[in-house]
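To start, the structure itself, in structure tokens.
The values are calculated or read from the model by the stated rules, or taken from the named source; none is laboratory data. Bear in mind the structure is a predicted one, so any value in this text is a computation, not a measurement. Please note: Cβ atoms are built from the backbone with ideal geometry, for glycine as well, and neighbour counts cover all protein chains shown.
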Amino acid sequence: MKKTLALLALASCSFCQPLFAQDHGAEVADPEAFNTPIPIYDKALGPFTYPISSTNPEAQAYFDQGFQMMYSFTTLDAARSFREAQRRDPDCAICYWGEAWAWGSYLNSPMSADNSPRAYAAIREALRRLDKATEKEADMIMAMSTRYVQNFDPAQRMDQERDYAAAMEKLAAKYPDDLDIVTLYGDSLFLLEPRRGTRDLDDPNVIRLHSVLTSVLERDIRHPGACHLYVHATESTPNPGLAEECAEFLGTSIPGASHINHMPSHTWNEIGRWNDSIRANLMAFHSDQKAAIGEGFAIYPMHNLAMLLFAASMDGQGAIAIQAGKDFEKLMNNSMNHVLTLVRFGRFDEVAAVSRRPTNSDVDGGMWDFAQGYAALKMGDAMTARDYLAKVQQLSQDTTDNFRFHDGRNLLAVVAGILEGEIAWSTGDMASAIDAFERATAAYNNIMYDEPEPIPFSAKHWLGAAYIEVGEYDKAITVYEEDLREHPHNGWALLGIKLALEAQGKSDPEIDARYSEAWARSDTWALSSKF
């Protein structure tokens, strides 16, 4: 009952952060909510502090809370917290600096035209109080003032961001032992980079960004701000494990901040520590729910659930994956992830019971159509399966909708190919099945880097299984090895290799051991890499 109440509180939360961490919609404060006093969330906060010149202990407490909230991307509540610090000490210049920081761009969202006047007003208040600030605080205020202009033009925003980065470079050089100033310099550099896509470790800008962040982590491996940014700066590189050391500590550095709890999973997913990703996102979703009783910050709750169900799907933990899909449906009135997890784990009799087709977009609806068709086929109704296949194929040609930033036509082509291949397989036409799975895999390979991926399974798990069925064992192993490079240590691909070897009368003790380790937490008995 308590979980139900917490889920309802999340669903009605008007002040929660946006849905997905890589959806870049600008955030606009609700004026009424912003003016509501914010408490100190003792149970949610970590030990971090940034001493300021104010002698008011409550102003210091609210400033520290605002700083922790900014490091956890709880930007709107951070602005409220910095505002409370100002109320406790109206002469606290750095408290106005904090509010200005909170209204500006951050990694997951550019500053909006609506928030620009708030940021400009806050920094002007800080500048009026420079004589009340220490030298370092005054330097911080002056650097922040380069970021905001009275007549804000979103098209020219990057001009201010470049000015701010240049100012922060000088500030970091003047105060190299202030790890938070150096971290904010790294943050300013990150804002100059494209948010999406992969990063080249040989790119000079990436090298500079990494060197700034690692200069902090070399001195404090537990620094929540630097590690948070470093995970994001490394996750889409060829070596995402660069952040593994600091990620060990990050999740509990601000105990009730759900995005901080969740952040290590961006590293864990990329290096195949699936169960650690599951634990991180369970902790995150618990913090989302604790927000209902003032013991957590609800940040991107749907992103936490999406990451949870993806990691659990890769780790063979069907109960957790499916429950996360159900919770996603409750919060978003969108059954797409629910039915996809049911397909992943072969719960075909349960798919038809999920009767509400999503209306959010063609992609969500098409994924539901795919799942219904796949389940119907497995339950012996090939005619219904073909009807749904026709719908998915038509949508994959006609839709103009995207899923987050992914091409909806490409995503639907993945699942259309899987369903088409399964229908052909059911008739014994393996040549057509393989052709369809190969097309599905080609579309799957076109999916842009994202965390989590938009589909909680790999098309290669179907293609590899089909190759085994026709005796093309080497091709199957090649496909599964490709999948393991993309999703390290996933048991589905390791099972596929094991089966391909066994079909040839071979065995590999290393593969057997890796499969046993990968599947040690699975609640799923699988005879193939797909159901």
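Tell me yes or no: at least one residue of the range 336-350 is outside the structural domain of Arg521 (by TED's automatic domain parsing), among the hydroxyl-bearing types (Ser, Thr, Tyr) and outside any helix (DSSP H, G or I). No, that holds for no residue. The combined condition, being among the aliphatic types (A, V, I, L, M) and surrounded by fewer than 19 Cβ atoms within 10 Å (Cβ to Cβ), is not fulfilled by Ala280. Filter the range 514-531 down to residues that are of a type in the set (Phe, Trp, Tyr) and more than 11 Å from Arg344 (Cβ to Cβ) and give me whichever is surrounded by the most Cβ atoms within 10 Å (Cβ to Cβ). Result: Tyr515.
Yes or no, residue by residue, for (1) touching an Asp or Glu at 6+ places or on another chain (Cβ under 7 Å); (2) outside the structural domain of Val363 (by TED's automatic domain parsing); (3) acidic (Asp, Glu):
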| position | (1), (2), (3) |
| --- | --- |
| Arg386 | no, no, no |
| Lys391 | yes, no, no |
| Leu395 | yes, no, no |
| Asn402 | no, no, no |
| Phe405 | no, no, no |
| Val415 | no, no, no |
| Glu420 | no, no, yes |
| Ala431 | no, no, no |
| Ile434 | no, no, no |
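Restricted to the range 191-224, and to residues there that are β-branched (Val, Ile, Thr) and in a loop (DSSP other than H, G, I, E, B), the residue that is farthest from Arg147 (Cα to Cα) is Ile221.
As a summary of the residue check, Pro358 satisfies the conditions (1) under 27 Å from Pro452 (Cβ atoms); (2) assigned to a helix (DSSP H, G or I) except for the one numbered (2).
Going by the structure shown, is Ser54 modelled with pLDDT of 95 or more, among the hydroxyl-bearing types (Ser, Thr, Tyr) and closer than 21 Å to Arg88 by Cβ? When the stated conditions are applied, Ser54 passes them. Answer with yes or no whether Gly365 is part of a helix (DSSP H, G or I) and closer than 30 Å to Gly197 by Cα. Against the criterion (part of a helix (DSSP H, G or I) and closer than 30 Å to Gly197 by Cα), Gly365 qualifies.
Could you grab me the full set of residues in the range 236-275 that are at negative phi, assigned to a loop (DSSP other than H, G, I, E, B) and not β-branched (Val, Ile, Thr)? Listed by number, the residues that qualify are Ser236, Pro238, Asn239, Gly251, Ser253, Pro255, Gly256, Met263, Arg273.
I'm checking my understanding of the structure. Among residues of the range 407-433 that are of a type in the set (Asp, Glu) and buried (at least 17 other Cβ atoms within 10 Å of the Cβ), which one is farthest from Leu342 (Cα to Cα)? Result: Asp407.
Matching residues to (1) in a helix (DSSP H, G or I); (2) out of contact with any Pro (no Cβ under 7 Å at 6 or more places or on another chain); (3) modelled with pLDDT under 95; (4) buried (at least 24 other Cβ atoms within 10 Å of the Cβ):
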| position | (1), (2), (3), (4) |
| --- | --- |
| Ala442 | yes, yes, no, no |
| Asp450 | no, yes, yes, no |
| Gly464 | yes, yes, no, yes |
| Lys475 | yes, yes, no, no |
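Would you confirm, using the coordinates I've provided, whether Ala257 is touching a residue at least 60 places away in the same chain (Cβ under 8 Å), small (Gly, Ala, Ser) and within 30 Å of Asn205 (Cα to Cα)? Here the answer is yes, as Ala257 does meet what is asked. Which one is surrounded by the fewest Cβ atoms within 10 Å (Cβ to Cβ) among residues in the range 167-199 that are aromatic (Phe, Trp, Tyr) and within 25 Å of Pro238 (Cα to Cα)? Looking at the filtered set, the residue picked out is Phe190. Candidates in the range 295-354 are the residues that are among the small types (Gly, Ala, Ser) and more than 26 Å from Met379 (Cβ to Cβ); of these, the one that is farthest from the chain's Cα centre (by Cα) is Gly296. Residues in the range 290-323 that are of a type in the set (D, E, K, R) and not in a helix (DSSP H, G or I) were compared, and the one that is farthest from Asp276 (Cα to Cα) is Glu295.
Quick check: anything in the range 364-380 more than 30 Å from Leu527 (Cα to Cα), modelled with pLDDT of 95 or more, within 29 Å of the chain's Cα centre (by Cα) and not hydrophobic (A, V, I, L, M, F, W, C)? So far as the range 364-380 goes, no, none of its residues is more than 30 Å from Leu527 (Cα to Cα), modelled with pLDDT of 95 or more, within 29 Å of the chain's Cα centre (by Cα) and not hydrophobic (A, V, I, L, M, F, W, C). Quick one: would you say Ala233 is touching a Cys at 6+ places or on another chain (Cβ under 9 Å) and either part of a helix (DSSP H, G or I) or among the β-branched types (Val, Ile, Thr) (or both)? For Ala233, the condition - touching a Cys at 6+ places or on another chain (Cβ under 9 Å) and either part of a helix (DSSP H, G or I) or among the β-branched types (Val, Ile, Thr) (or both) - is not met. Quick one: in the range 477-499, of everything that is of a type in the set (Val, Ile, Thr) and surrounded by 24 or more Cβ atoms within 10 Å (Cβ to Cβ), which residue is farthest from Ala513 (Cα to Cα)? Among residues in the range 477-499 that are of a type in the set (Val, Ile, Thr) and surrounded by 24 or more Cβ atoms within 10 Å (Cβ to Cβ), the one farthest from Ala513 (Cα to Cα) is Val479.
Filtering Glu248, Glu235, Glu244 for residues that are among the acidic types (Asp, Glu) and either out of contact with any Ser or Thr (no Cβ under 8 Å at 6 or more places or on another chain) or farther than 25 Å from Asn490 by Cα (or both) leaves a single hit, Glu248.
Of (1) in contact with an Asp or Glu (Cβ under 7 Å, 6 or more places away or on another chain); (2) in a helix (DSSP H, G or I), Asp163 satisfies all except one. Which? Of the numbered conditions (1) in contact with an Asp or Glu (Cβ under 7 Å, 6 or more places away or on another chain); (2) in a helix (DSSP H, G or I), the odd one out for Asp163 is (1).
Counting only residues that are within 15 Å of Pro454 (Cβ to Cβ) and of a type in the set (S, T, N, Q), which one in the range 388-406 is surrounded by the most Cβ atoms within 10 Å (Cβ to Cβ)? Only one residue fits best here, namely Ser396. If you check Thr134 against the conditions, is it among the hydroxyl-bearing types (Ser, Thr, Tyr), farther than 30 Å from His303 by Cβ and more than 32 Å from the chain's Cα centre (by Cα)? Yes, satisfied. If the condition is being under 17 Å from Phe437 (Cβ atoms) and in contact (Cβ under 8 Å) with a residue 40 or more places away in the chain, then the range 488-523 contributes only Trp492.
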